[in-house]
Amino acid sequence: MELEKGRLKLRSKSIMKLNFEKLGGLVPVIIQDNETSKVLMLGFMNEDAYQQTVETNKVTFFSRTKNCLWMKGETSGNILQVVSIKSDCDNDTLLIKVIPTGAVCHTGNDTCFGEKNEEDILFLKTLQDFIERRRLEMPEGSYTTSLFNSGINRMSQKVGEEAVETVVEATNGTSEGLMYEASDLVYHLIVLLISKGLRIENLARELKERRNGK
């Protein structure tokens, strides 16, 4: 299954055939953040909970303590918006990727395992999205706007300048200075990529293909 325009699109007209009998009418459900890949919690579903989850695109569990269905976030408002649903090879466990709208654990933590639901590397995607919005909106007074207005030659030149400054810090500077200049380099590289209709994902794909070829 996959999310299509806010709704789950079933690969077939029938509901996924799951083995609910193995655990007495239930299947364990692993909830994973679609963006960070963090495991958020573990719950259980019976057939009705699974059916309701598919129909609403909001995760609904079966409460073993209360012996009833409960939609995650029905009280707190911190629902789990479904992105995709997959079963394991035995069809007795589900992996559901979601977009959480708030803290997942009842304790107020991001996850039920006490972890922060964040990955610093993913900020590059957030930054990239922000820069793309800048290109569309072109607000006055924005440095990013001025870069896009300067043209491809100037943007390319800035990447070269930042690369030189990064090398200088690496050879004769400090670790803090290197991080500062390298951050400037990455920022200007993202601007250049966006100006050419490319994204960081294209770089990742290229590097992945190179690795597979070696």
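Coordinate-derived values only; no laboratory data. None of the values given here were measured: they were computed from a predicted structure. Backbone-built Cβ (ideal geometry, glycine too); neighbour counts: all protein chains shown.
Computed quantities for the displayed model
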item: DSSP bridge orientation in the stretch 1-159 - percent antiparallel, rounded to nearest 5; result: 80
item: √(5λ) per eigenvalue of the Cα gyration tensor, the stretch 10-130, largest first, Å; result: 26, 17, 13
item: Links that overshoot a 22 Å alpha carbon limit, given the list LYS17/LYS97; LYS86/LYS125; LYS97/LYS125; LYS38/LYS125; LYS38/LYS196; result: LYS86/LYS125; LYS38/LYS196
item: Estimated dipole of the stretch 155-210 in Debye, rounded to 20 [Cβ of Lys and Arg +1, of Asp and Glu -1, Cα centre]; result: 400
item: Estimated dipole of the chain in Debye, rounded to 20 [Cβ of Lys and Arg +1, of Asp and Glu -1, Cα centre]; result: 900
item: Net charge dipole size for the stretch 94-204 [Lys, Arg +1 and Asp, Glu -1 on Cβ; Debye, nearest 20]; result: 520
item: Whole-number D in µm²/s for the stretch 100-214 (Stokes-Einstein; Kirkwood sum over Cα pairs; 25 °C, 0.890 mPa s); result: 147
item: Residue among GLU181, GLU140, GLU165 with the largest mean-square fluctuation in a Gaussian network model of the chain, springs linking Cα atoms under 10 Å; result: GLU140
item: Computed over the stretch 121-214: relative contact order in percent, which uses C-alpha pairs under 8 Å that are six or more apart; result: 27
item: Helix-derived mean residue ellipticity, 222 nm - over the chain, DSSP H n ≥ 4, -39500 (n - 2.57), to 500; result: -13500 deg cm²/dmol
item: Normalised contact order of the chain, rounded percent, pairs of Cα under 8 Å and 6 or more residues apart; result: 14
item: Percent of C-alpha pairs per 10 Å bin, the chain, short to long; result: 7, 24, 24, 20, 16, 8, 1
